[in-house]
Each structure stands twice: as C-alpha cells, then as structure tokens.
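The values are calculated or read from the model by the stated rules, or taken from the named source; none is laboratory data. Keep in mind the model is a prediction, meaning the values are calculated, not measured. As a convention, Cβ positions derive from the backbone with ideal geometry for all residues, glycine included, and neighbour counts pool all protein chains shown.
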Ligand SMILES: Cc1cc2nc3c(=O)[nH]c(=O)nc-3n(C[C@H](O)[C@H](O)[C@H](O)COP(=O)(O)O)c2cc1C
C-alpha cells in the first residue's frame, strides 16, 4: 500500500497530483492561468517574460496579471480554487537576469520556485524568505543530493523521454535511487502525458507528475501553429535526441529539424553550440528546432489546456479503478 507522505501545503489539495512544466518561449500568462484554473500547478520560465526597449518590466506585468486573475477567480470559486503557480529560474551563471528576477519573484511572493541548471543556496533562501518552496530539477541521484544539500525543498526527477533537456535515466531507476534517501516532495518528468503514466509515477514513489509537452499544442500556448500540428501528428518515433543545438542532450521533433533544412539522421558533427556565434547558420533551438518528449502520442488535438487536465484526470481515475479491481 502507498504510504502517504506529508507534502508542503502549496502542493496539497490539487485536483490532480500534477504540475505543468515550464516551457521556454511557449509558457505565457494565458497558459499558466488556464493550468491553475484547471486545478494543477501552472508554470512559466521567468526568461519568457522579455522586456522591450523602453517598455515595462515584463516579469512584473506577468506576475501582476497571473496573481490578480487567480485571486479574482478564487473569490468567485471558493469551493474549487485555482492551483498555485510556479516560476522557473535558470540559475546557471550565464543568466544575467537572475538577481533582478529573484528580487521581483520575492516581492510578488511566488509560491513555487522551480530551479534548473545548477542549484544555488541564495535562490532557495529567496524562495523561503517570501513563504515559497523551491523545487530543483535533476537528471541523476548525484545532482539530487547536491540540490537538497543546498537547501531545495523538493526535487523534480527529469527522466528519459522528457521534452527539452530530458535526462538519460529510466524513471524506474531514478525515482528508486532518490527515494532511498529522500522523503520530501518529488515530482517525476518524462512522458507523463496520460493518467496511466501519472498513476505509474505515483506508484514508483513520486508525489506529483510533471507534464510539459502536451501543453505545447494547447490553444493558450505561445507556439507556432505548425509546431502544435506536429505535436498532434507525432509519436515517440518522431522525437530525436541531440546535443547539437544547445550543447546539452535535448529531445526535439525530427520534423522541425527537417523543416529547418537539416537531415535529422545526418546532423553536422563539428558544431560547438556553447560557442555558437549569433549569425550561425545552425537553426536556433526552441525557436526553430522544436522541443518535444516521448509522450506526445497522447496529444490528439489542439484545444483548451483544461482539456489536457480533464483527459488525464479521467484516465487517472479509470486506471486507479482498474488496478483496484485487478490487485485488490
Ligand atoms: C518546448 C519545451 C521547452 C522547455 N523549456 C524549459 C525551460 O525553459 N526550463 C525548464 O526547466 N524546463 C524546460 N523544459 C522541460 C520541461 O520543463 C519538462 O521537464 C519536460 O517537458 C517534461 O517532459 P514531457 O515533455 O515529456 O512532459 C522544456 C520542455 C519543452 C518540451
């Protein structure tokens, strides 16, 4: 029998044990608000809120809109309030905005902070200073231990098959190794795009599933219609792994590589993405080479983000019933 773990309050009472993953370029306030109203944690990367010269600070604008709209929604729906939202910080030294963005997120009391690419004590402390929690994403047990040692409250295990910079390890191995020493909040990413996968994630020992790719194809997502169409048409075979475009292994749609004029089976070998000049003829990851995980076969049509949550919930409840009937 699953042993119930005590989760931080902000991760309790969700309609489904799930969080929407932050998606570079794609996640925007409309998508986050729709995810939260649908009852799962919504999220966006802070870097998606880009300032225009002479314009307002867009991260402030986004946080004001999300906070106010969810507050209004909660006042009108006290019986079914929206889930909290999360902001993703790329905490790597190359992120020149980090200090400013941390300051803004602290002032707006962001409830869930998702950190990626190198754990940082000061970011976790900032999250705690405003009453938030920090979840760090990791691809192996070593990084998981480092993240907790640096003060993260919880972990996001990014396993094989995840969209974007997916990890190389099987979720079975990764969750098991982390659960041998860590009893705190644990989310699992990597093709958690169905209710069956969400239940499996929980059986493995994760508290919540972390769902990215299915939301790319949704109405509210800031993605090219051709990208959405590829997500709907594609399956796991249409996803390829390459480190060519960012310097780190990432999962991308083969068709987007073709569309950008490259042969996915014969990619150039001699590019160093980390020192790529701005005028590089190599297409840009995320803008032209589109990220996707192995779970896109579950995405059958473009529609409102709430439909993804509705579908996963009904699959999840049916899977629980099926397992109950088979096992009990
Ligand atoms: C298009 C795209 C963009 C992504 N951008 C980010 C990002 O900016 N920050 C981040 O931490 N993870 C990013 N990810 C990874 C997701 O947050 C998450 O780990 C992954 O989507 C989960 O796997 P799934 O796509 O199989 O659901 C991205 C993934 C995709 C597909």
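See the values below:
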read-out	value
For residue 198: the one exception among (1) surrounded by fewer than 18 Cβ atoms within 10 Å (Cβ to Cβ); (2) within 15 Å of the ligand (Cβ to nearest atom); (3) touching a residue at least 40 places away in the same chain (Cβ under 8 Å)	(1)
Filtered residues of segment 39-54 (kept if surrounded by fewer than 24 Cβ atoms within 10 Å (Cβ to Cβ) and touching a helix residue (DSSP H, G or I) at 6+ places or on another chain (Cβ under 7 Å))	39, 49, 50, 51
Hits in segment 1-40 - residues which are within 12 Å of the chain's Cα centre (by Cα) and within 12 Å of the ligand (Cβ to nearest atom)	18, 19, 20, 21, 22, 23, 24, 26, 27
Some residue of segment 256-277 being at pLDDT 95 or above, more than 17 Å from residue 165 (Cα to Cα) and within 13 Å of the ligand (Cβ to nearest atom)	no
Residue selected from segment 201-225 under the condition within 12 Å of the ligand (Cβ to nearest atom) and surrounded by fewer than 20 Cβ atoms within 10 Å (Cβ to Cβ), by the criterion nearest to residue 307 (Cα to Cα)	222
Considering residues of segment 241-250 that are within 13 Å of the ligand (Cβ to nearest atom) and within 16 Å of residue 283 (Cβ to Cβ) only, the residue farthest from the chain's Cα centre (by Cα)	245
